[in-house]
Amino acid sequence: MWADTLLLMRHYWKLDRREFSRVRGWKMVGYIAATIAFLFIGVFSAALGYGASFLLRPDMPVQVGPGVFPGLLLTFVLLGVLITGLNQAVRGLFLSGDLERLVVAPVHTRSVMVAKLLSRLPGNVSILLVVAVPAFIAYGIGAGAGVVYYVLGLVMLLLAPLFGLGVGALLAMVLVRIMPANRLNEMLAASYALFGIMFALIAQLPRLFFANEETSMQTLETAGEVIGRVEGLPLPTMMAGRGLMALDAGQLDGGGLLGILFYLLITLGLFAGVIMGADQLYLSGWLKAQSAGGKRRGLEERDGVFGGRSLAITLGLKDWLLRLRDPRQLVSLLGGGVIAIVVSALALFNDNGGQGSMLDVANAGALQAPGNWAALTAALQPGVLMGAWALFAAYVILSTPAMSALALERQSFSLLKAAPLRPREVWQAKLWGVLIPSFVVFAVFLILTRLIMPFSLSWLPYALVTGLLFLAGLTMINVSTGFRFANLDWEDPRRMTTSGGGWASLVLTLVYGVPATLVALLPFSAAQLWPQWSLPLMLVGVLALGLLTWLLMVFMARWAERSWELLPA
């Protein structure tokens, strides 16, 4: 068994090294950017761990026991590997392309399970080394820990992925009997995205709880009470943290030793138990997953849903049905927009430690230049800021659907390309399918902001029209970029465009967005000097922005037509 396991694992690791050695171009830039990001995460992790060691000092407003931070770190790591372990178990045990050959090969089922589960272990360990180990080591340095802390603690951290893989494998074997493996994978990906959104929103809480000295002290007192309650919980990870620090100090803590033993049992022991006792459960679950399925009703069987409608309405409805059906795309659609809206709202409405929010300062006129120079700072008025916020919200929410409009066709693109349709007709249909929802989001959001922050209604029609023109230009850029960089073989919705698509969209957005912003704001700025000419200035601004957007439409449509011919049928 073990010889077969090592043979399979060496084979998978060799494939991973070969794939990484072939990375070129934009993918290499992405790997370099990810490496730099992980380095920053490691530095932040080390700073967090060393800062936590200060809580051991008696002069701090919040004091904790020496084993609290190691226990919390072990708890965080176990929860993290539990989330990722289920996804890796589903993909490795039920969705790998070579399983049909391995199941019938003269290889023990346990060897296949071990190799599939541990083949991604180096990646998990590397992420763990970056995220958790710097905090663990830095805390030990700040707390003056000894050799036992580092050796035994690092062993416990490196065993953590086995917990996620063991629990994930058991859950996967049960869940594939309830739903198809592909559907389960989609739901898991969506749930992971939700967890990411939750953590991103939680990361914004310090900006609210540490806004000034009074709220900071209240937050610290509450945190001390919560940490004190968590410290006394009979969790294996918290007990293991206390036992680790007690052993390092040369003390024998019965509860701590029991926690360490229980931690080893739920990591190494659980994984070994799953491997040795669940091979038949895995094989029967895989066979059931292979036979699952059945006839699905296609869109073409649903008479009356799309019949008798224009191409734009037909493709738009079909695309949104596909997006709503896939939970991964639905979470991606809402998640990024929610985070961006919340972060930007904090920047606008947060009182900045009692000094007043940006909107309060703008409403008081503190950002306005005196005299005739006020035209230069006209964009820093509350109404303009609210309009920009509404435009930003609509763009962030619907930029991803616009970029992936064509890639959503996947294998059906060959049918679309063979149909008696011109590329521009498809481009226009995809454009309107995203543009109309973005118009609605922008208009509703702008009206709602008027309820939050009262501003003059005289320029509201101008803001609506220019905002719609602005959104039309930005959406055209994303749809055309999606035509040029479409990935029609995607499995992960985050990979609907090929390398370079994001950079191309960013550059084109700046090329159009900067002059369009100036064109839209100049009439408003000029009206601060000549209020009697406000209406003619509005008309000039709308016409100028409309002309600029029309020129962009001509260029983007031609670019999409040329890109259409380059895509494989």
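A quick yes/no check of all residues on (1) without any contact (Cβ under 8 Å) to a residue 60 or more places away in the chain; (2) closer than 24 Å to Pro66 by Cβ; (3) of a type in the set (A, V, I, L, M):
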position: Ala135; (1), (2), (3): no, yes, yes
position: Gly142; (1), (2), (3): no, yes, no
position: Val148; (1), (2), (3): no, yes, yes
position: Leu159; (1), (2), (3): no, yes, yes
position: Leu162; (1), (2), (3): no, no, yes
position: Gly166; (1), (2), (3): no, no, no
position: Leu171; (1), (2), (3): no, no, yes
position: Ile178; (1), (2), (3): yes, no, yes
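Val440 meets each of the listed conditions (1) touching a Pro at 6+ places or on another chain (Cβ under 8 Å); (2) over 26 Å from Arg484 (Cβ atoms) apart from (1).
Considering only residues that are surrounded by fewer than 19 Cβ atoms within 10 Å (Cβ to Cβ), hydrophobic (A, V, I, L, M, F, W, C) and in contact (Cβ under 8 Å) with a residue 60 or more places away in the chain, which ones fall in the stretch 413-428? Hits for the stretch 413-428 are Ala418, Leu421. Restricting attention to the stretch 102-142, the residues that are at pLDDT below 75, over 19 Å from Ala37 (Cα atoms), part of a helix (DSSP H, G or I) and β-branched (Val, Ile, Thr) add up to 3. Against the list (1) buried (at least 18 other Cβ atoms within 10 Å of the Cβ); (2) at pLDDT below 85; (3) out of contact with any Gly (no Cβ under 8 Å at 6 or more places or on another chain); (4) not charged (D, E, K, R), the condition Thr377 fails is (1).
Pairs are defined by a Cβ separation below 9 Å, a sequence spacing of at least 6 or placement on different chains, a first member in the stretch 85-109 that is under 13 Å from Val176 (Cβ atoms), and a second member that is among the β-branched types (Val, Ile, Thr); the pairs so defined are Leu86/Val167; Ala89/Val167; Val90/Val176; Leu93/Val112; Leu93/Val176; Phe94/Val176; Leu99/Val112. Exactly one residue out of Thr84, Thr35 is surrounded by 14 or more Cβ atoms within 10 Å (Cβ to Cβ), at pLDDT 70 or above, hydroxyl-bearing (Ser, Thr, Tyr) and not in a loop (DSSP other than H, G, I, E, B): that is Thr84.
From the list Gly228, Gly250, the lone residue that is out of contact with any His (no Cβ under 6 Å at 6 or more places or on another chain), at pLDDT below 80 and either surrounded by 15 or more Cβ atoms within 10 Å (Cβ to Cβ) or part of a helix (DSSP H, G or I) (or both) is Gly228. If only residues of the stretch 484-515 that are under 21 Å from Pro423 (Cβ atoms) and part of a helix (DSSP H, G or I) are counted, the one that is modelled with the lowest pLDDT is Gly501. Within the stretch 442-460, being surrounded by fewer than 19 Cβ atoms within 10 Å (Cβ to Cβ) and at pLDDT 85 or above holds for Ala443, Val444.
Being modelled with pLDDT of 85 or more, on the phi < 0 side of the Ramachandran plot and either in contact with a helix residue (DSSP H, G or I) (Cβ under 6 Å, 6 or more places away or on another chain) or surrounded by 15 or more Cβ atoms within 10 Å (Cβ to Cβ) (or both) narrows it down to one of Val167, Val155, Val147, so name that one. Just a single option satisfies the conditions, and that option is Val167. For first residues located in the stretch 499-516 and touching a residue at least 40 places away in the same chain (Cβ under 8 Å) and within 16 Å of Leu552 (Cβ to Cβ), partners that are of a type in the set (Val, Ile, Thr) and in a helix (DSSP H, G or I) and lie 6+ apart or on another chain with Cβ distances below 7 Å form the pairs Ser505/Ile477; Ser505/Thr481; Tyr512/Ile477.
Conditions (1) under 34 Å from the mean Cα position of the chain (by Cα); (2) under 30 Å from Ser414 (Cβ atoms); (3) surrounded by 13 or more Cβ atoms within 10 Å (Cβ to Cβ); (4) free of Cβ contacts under 8 Å to residues at least 24 places away in the same chain, marked per residue:
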site	(1), (2), (3), (4)
Leu521	yes, no, yes, no
Met538	no, no, yes, no
Leu548	yes, no, yes, no
Met553	yes, yes, yes, no
Met556	yes, yes, yes, no
Ser563	yes, yes, yes, no
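The values are calculated or read from the model by the stated rules, or taken from the named source; none is laboratory data. Computed from a prediction, not measured in an experiment: that's the story for all the values here. Cβ coordinates were reconstructed from backbone atoms using ideal geometry, including for glycine residues, and neighbour counts include every protein chain displayed.
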